[in-house]
Amino acid sequence: MTDERDRIDEIETERYELFETPSYKFHFDRRDFIKAFGAGIIFIVPLSRALAQQRGQGESGRGGNDRLPNDIGAWIHVDEDGGVTVFTGKVEMGQNIRTSLAQAVAEELHVPVGIIHLVMGDTDVTPFDMGTFGSLSTPTMAPRLRKAAAAAREMLIDLAAQQLSVEPASVTIVDARFVNHDKSKSLSLAEVAKGRKLVKVIPDNIATTPPKDWTIAGTSIAKVDARNFVTGRHEYASDIKREGMLYGKVVRPATFNATLVSVDTKAAEAIPGAKVVHDGNFIGVVAADSQTATKAANVIAVDWKSPGQPSNAELFDVLRKPTTERRGGEGGGGGSRPQGSLADGLAAADKKIEQTYTVAYIAHTPLEPRAAVAEWKDDKLTVWTGTQRPFGVRSELAGAFHIAEDKVRVMVPDTGSGYGGKHTGECAIEAARLAKATGKPVKLVWTREEEFTWAYFRPAGVIDIKSGVKSDGTITAWEFHNYNSGNSGIQIKYDIPNNDIQFHPSNSPLRQGSYRGLAATANHFARETHIDELAHSLNMDPLAFRLKNLKDERMRGVLEAAAKAFGWGRTKPAAGHGFGISCGFEKNGYVATCAEIAIDKPSGKDADKQNPQVRIVRVVEAFDCGAVVNPLHLKNQIEGAITMAIGGALFESIQFENGKILNPKFSSYRVPRFIDMPSIEVVLLDCKDIPSAGAGETPIVGLAPAVGSAIFNATGMRLRSLPLVPKGVTTNAKS
Amino acid sequence: MARVTALNVNGKKMTLDVDSTVSLLSVLRNDLGLTGSKYGCGEGQCGACTVLLDGQPTRSCITQVGRATGKQITTIEGLEKDGQLHPLQEAFIKADAMQCAYCTSGMIMSGAALLTKNPRPSRDEIISGMNGNICRCGTYQRIVEAIQIASGTAKEVAK
């Protein structure tokens, strides 16, 4: 758990340039590919245009050039049985890219989705990939695979034409068969691939099918291997079993940042079958079954020395203090250069508002906690684990054990979700350490409590906003300071000539890192709540006020679409209900959210001792992420993001004191359940002329401010801290 | 300590030899190789480990295996009959009622038990019946729909 690794997590994902160059170079030649994948035809997809051109020349059939591009984005193998396998370093964790990427390849190859198989996130057989995060798979990997498949189709048609002794122009692909113009001759994929040992490099200048002509992409194809999931047959990392496998358990420090003073392992070692592993600050146990491992770990007596550490009560004061360390990515007081003059903007304003907003630390709590199975064989380490960064975890393992990266293989079975929380490899390292000590494969599955405590959190934050507005509704000044939570989504789409927007890193009391949408949730909550406050200060309708200050057509588009579907302005909330609206932009996705909430008065006995509760009745969200690849799965993602957002908006909050998490369980940390679910309506703006953006994150940002404003609408109470109502509606909320 | 040497799982008698205080979930997953039931919390709060004991939905992570002896244990692996999915399994696919699907086994077992007890549950009955199961991906709306499809009430709801 080095600082270096933490820093990687803090790099904002929208800093695309940081992700362009692979940190690891492949030196494959053609023979390696044939050896690895067998006969058939392999299509290599280089990463950059320059490389494609350079290598493309070398590849033009003159032979003798076995050198392939080092920077490979993906490869596609057509095997002798006619199967098409796509190899990508991306991983599947519920976002359904296994389906959407297969759709992209099937579209361009002119074959049914069913014959496309994806091998994902296996560091020995898939090309390097920085990781599956930042909503990047759809905007970057899908186009790359499309090009590959389009070029592969042309090359396969050439080969088929040769074999059929016809002109390539006369050959089309129908039902995965190559057919000549009068349909007198045809070949299957298998017949074209049979006996070949070809490695082709894909040129970059290949035209792909424009979204308006899509027939496979753009449609609601079901999750490709859904049957495996509904039958329980799919093996997650935590389900992997190896011959002779043992079970591990790690002894955790008493608090964060504790150092080991002394340890007594005698009682544990006396338990038959238990083996204790002690290496520096690491103490773990291995046994033939998990009960024995846990029992042994529990009797290890450890004396930890813990430094005094901040608690919840002082969190926001701590975060306001500038950081004493430099941090990657977000560091250096990010944000942008001030524009115009704040002083002039404030002087021109008829009303000024200055407010502070806060967000709590929250936990990802993916339902599958961190899990890994590690196995050493002939000095080579193989680890199955659920991570969003298989190659990153490979580096961590290589570093931890002082071995070369090619001595480590990380495999990621489709994972029980991540939400940005599974970027690091601590569980993999722990399992590998235990396996090394025993010479046998070891499985380690973190408990829910470990997952809550020893993973990392979404950053807490403090945001100060000062603004000015004219009485006609024109915003004239915007000063925005985000402490600790981050840069994502900090920029405004509103046309405010005088603005100063800054991010200030802090020393976080807790380990923090990426979370679905990063700081965009915090920044949108503060900004959109403040916009609502400005609108109300002028007695203007919050939708009209936004539209007055927005020229961006796509932002106006989602706002108007959401408002129309919601009936904004056409109906008034019932008594005890409230309406709220918000809009946002992040990672090339535009989102607008309308929410209706109800204040439920407590009933039954002890009703007088209980606070009224906020119930989200209805949410309408409009989303524009360019051309829609799979409407079904996109809607599912948006509904999921809205549901996940309910937790952070209403009640999720990590409580901590002096280096300990006080609520590391589902019984003490409330997450959204069936009863919290509103009616959700998703409106998709399918813009066929705009490249598809990712959609796993941005739909999460709009809910909290829309709900907060709806609570204000219902009660007159303005809530400026996330979560908004962890204890229900209390009268001490500021207004 | 008492041992458990046989269990009835998915209509089959399975022999084993485990301490009766070990959790049923651990025995199913680690000793019997039935990994469809998942660990999610270990405190009966998330429902990922749900199996049926004589038809009753049970949190196998907080149930000692000794309590399951002599009872019919049904796990997700036992719902499919002769290659035919249970109607609720079909409905989950139809409604796209999953993302990462780690909660899916538990959801389907809880939902199947609900439908056995109440073949035509109302929306409110589904919500209260399923509230002990967590889906962190937030597919609740689709899970409700899947249960409605399997119960044949979806059309009525849509009216």
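The values are calculated or read from the model by the stated rules, or taken from the named source; none is laboratory data. Keep in mind that this is a model prediction, so the values were computed, not measured. All Cβ positions, glycine included, derive from the backbone under ideal geometry; neighbour counts span all protein chains shown. These area figures cover heavy atoms from the full protein model, side chains too; ligands, DNA and RNA do not enter into them. Shrake-Rupley method; radii C 1.70, N 1.55, O 1.52, S 1.80 Å.
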Heavy-atom accessible area of residue A:553, protein chains in place, probe 1.4 angstrom, given in Å² to nearest 10, is 140 Å²
Counting only residues 5 or more places away or on other chains, whose amide H sits under 5 Å from the amide H of residue B:64 once H atoms are built in the peptide plane?
-> B:24
Amide H to amide H under 5 Å from residue B:19: which residues, 5+ apart in sequence or cross-chain, H placed 1.01 Å off N in plane?
-> B:4
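Given the protein assembly as shown, what percent of its DSSP beta bridges are antiparallel, to the nearest 5?
For the protein assembly as shown, the DSSP antiparallel bridge percentage is about 75.
Counting only protein heavy atoms, what percent of the accessible surface of the protein assembly as shown is carbon or sulfur at a 1.4 Å probe? Intermediate values should be presented prior to the final figure.
Working: 16770 of 34130 Å².
Answer for the protein assembly as shown is 49 percent, counting heavy atoms of protein chains only.
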Could I have the simple spin-label model distance between residue A:311 and residue A:35, label points 7 Å from Cα toward Cβ, reported in nm to one decimal?
-> 6.1 nm
Accessible area per residue in Å² at 1.4 Å probe, computed on the range B:3-76 | 38 Å²
For chain A, report the accessible area per residue in Å² (1.4 Å probe, heavy atoms, rounded to an integer).
-> 38 Å²
Give me a single rounded figure for A:219-225: the average over its residues of other chain Cβ atoms within 10 Å of their Cβ.
-> 2
Mean separation of Cα contacts under 8 Å (6+ apart) over length of chain A, as relative contact order % | 14 percent
Order these peptides, A:267-279, A:604-616, A:135-147, by their mean beta-carbon neighbour count within 10 angstrom, highest first.
-> A:135-147, A:267-279, A:604-616
Within 10 Å of each Cβ in A:92-98, the average number of Cβ atoms from other chains | 3
Relative contact order (percent, whole number), the range B:3-76, Cα cutoff 8 Å, 6+ residue spacing = 38 percent
Over the protein assembly as shown: helical MRE at 222 nm, DSSP H runs n ≥ 4 each giving -39500 (n - 2.57), nearest 500 = -8000 deg cm²/dmol
Each residue of the range A:701-717 in order: what ³J(HN,Hα) in whole Hz does its phi give by Karplus 6.51 cos²θ - 1.76 cosθ + 1.60, θ = phi - 60°, with x for Gly and Pro?
-> 7, x, 5, 4, x, 5, 5, x, 5, 5, 5, 4, 4, 7, 10, x, 9
Any of A:470/A:551; A:548/A:727; A:321/A:665; B:71/B:117; A:197/A:223; A:249/A:440 with alpha carbons more than 25 Å apart? Name them for me.
-> A:548/A:727; A:321/A:665; A:197/A:223
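Quantify how strongly other chains surround peptide A:364-370 by giving the mean number of their Cβ atoms within 10 Å of each of its Cβ atoms.
Counting Cβ atoms of other protein chains within 10 Å of each residue's Cβ and averaging gives 6.
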Find the all-direction average of the projected area of the Cα convex hull for the protein assembly as shown, expressing the result in square nanometres with one decimal place.
-> 39.8 nm²
Relative packing of A:166-173, A:694-701, which averages over residues the other C-beta atoms within 10 Å, highest first = A:694-701, A:166-173
Between chains A and B, what is the buried accessible area summed over both chains (1.4 Å probe, protein heavy atoms, nearest 100 Å²)?
-> 4400 Å²
Ranked by accessible surface with a 1.4 Å probe, highest first, in what order do A:564, A:665, A:35 come?
-> A:35, A:564, A:665
Phi-derived 3J(HN,Hα) across the range B:29-46 with the Karplus relation (6.51, -1.76, 1.60, θ = phi - 60°), rounded Hz, x for Gly and Pro, is 6, 8, 9, 9, x, 9, 8, x, 7, 10, 8, x, 8, x, 10, x, 9, 10
Distance in nm between pseudo-label sites at residue A:341 and residue A:605 (7 Å out along the Cβ direction from Cα) | 6.9 nm
Honestly the range A:223-269 on the Cα gyration tensor test (a ≥ b ≥ c root eigenvalues; a/c under 1.5 rounded, otherwise a/b vs b/c for prolate or oblate) is just oblate
Could you do me a favour and compute the accessible area per residue for the range B:87-158, 1.4 Å probe, result in Å²?
-> 33 Å²
Non-local amide H neighbours of residue A:519 (under 5 Å, H modeled in plane, Pro and chain starts lacking H): which ones?
-> A:487, A:488
Karplus-derived 3J(HN,Hα), 6.51/-1.76/1.60, for each residue of the range A:676-688, Hz, glycine and proline x | 8, 6, x, 6, 10, 10, 10, 10, 9, 9, 8, 8, 5
